[in-house]
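Some notes on the structure that comes next.
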Amino acid sequence: MSDSEMKVVSVNVGLPKTVQWRDQPVTTGIFKSPVEGPVALRKHNLDGDQQADLSVHGGPTKAVYVYPIQHYTYWRGELPDVDFGWGHFGENFTVEGMDEDSICIGDEFSVGSARVVVTEPRMPCFKLGVRFGRADMPKRFLKSQRTGFYFGVVEEGEVQAGDALELLSKHPDALSVADVTSLYTTDRGNVAFLKKAIAASALPESWTGYFEHQLERLEG
């Protein structure tokens, strides 16, 4: 997969809104819509975009949520009654030419006039269920391994739909986004793999701490 094929198909933003879910009001920023023209990308998020729960969304390691366009084909097959539009998964960038297997934690890209770095896969919370009106959606999402991933912002700038994502550097640890997800889901007992993830310098501390606990349980 050459980096010349990688691009932003849609830039999607949204402000938090309150919706009813199981007879309870829930405030969520997962409802995103495509925007035209240049958008300022800041350290913590895009202009016009906000997250409702800053303890789990946004911030330096989760400034931009990225979702590969080809996953929409899969989900249209799985959920034929859903009227999908870009941003449906709450992603800020719907992208072409990227996937969780080929993109590694710590890979750096230029996009528009900004620079970004891959930080971690997305772990779904119940709000994905709210977005789809299905309580089983977070579990299905994780099981599919089609998680998408987050960018941290190395250098602020402007981005827009159609911008190329150009690879500036591949991280030497070569720990893919898919590797991290599988360690969390299907490959939890893989000691050698856990050690590789714990040693990965670009993986956020929340993940390395989690994997350290996992390793302690296995070796304890």
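Where a number appears in this text, it was derived from the coordinates with a stated rule and is not lab data. Predicted model, so just to flag it, every value in this text is computed and none were measured. Cβ coordinates were reconstructed from backbone atoms using ideal geometry, including for glycine residues, and neighbour counts include every protein chain displayed.
Table for the structure above
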read-out	value
Residues being within 18 Å of Asn45 (Cα to Cα), touching a Leu at 6+ places or on another chain (Cβ under 6 Å) and β-branched (Val, Ile, Thr) - total across the stretch 74-118	1
Some residue of the stretch 14-34 being crowded, with 19+ Cβ neighbours inside 10 Å and of a type in the set (Ser, Thr, Tyr)	yes
Subset of the stretch 172-208 (residues that are of a type in the set (S, T, N, Q), part of a helix (DSSP H, G or I) and either in contact with a Leu (Cβ under 9 Å, 6 or more places away or on another chain) or buried (at least 19 other Cβ atoms within 10 Å of the Cβ) (or both))	Thr181
Complete set of residues in the stretch 194-215 that are of a type in the set (D, E, K, R), within 14 Å of Ile105 (Cα to Cα) and more than 18 Å from the chain's Cα centre (by Cα)	Lys196
Search result, residues across the stretch 95-125 that are closer than 18 Å to Gln51 by Cβ and in contact (Cβ under 8 Å) with a residue 40 or more places away in the chain	Val116, Thr119, Glu120, Pro121, Arg122, Met123, Cys125
Qualifying residue in the stretch 133-141 (condition: closer than 14 Å to Val64 by Cα and not in a helix (DSSP H, G or I))	no
Residue selected from the stretch 154-166 under the condition among the aliphatic types (A, V, I, L, M) and either within 16 Å of Pro68 (Cα to Cα) or within 13 Å of the chain's Cα centre (by Cα) (or both), by the criterion surrounded by the fewest Cβ atoms within 10 Å (Cβ to Cβ)	Ala164
Criterion: crowded, with 17+ Cβ neighbours inside 10 Å, touching a residue at least 12 places away in the same chain (Cβ under 8 Å) and assigned to a helix (DSSP H, G or I) - qualifying residue of Phe211, Phe151	Phe211
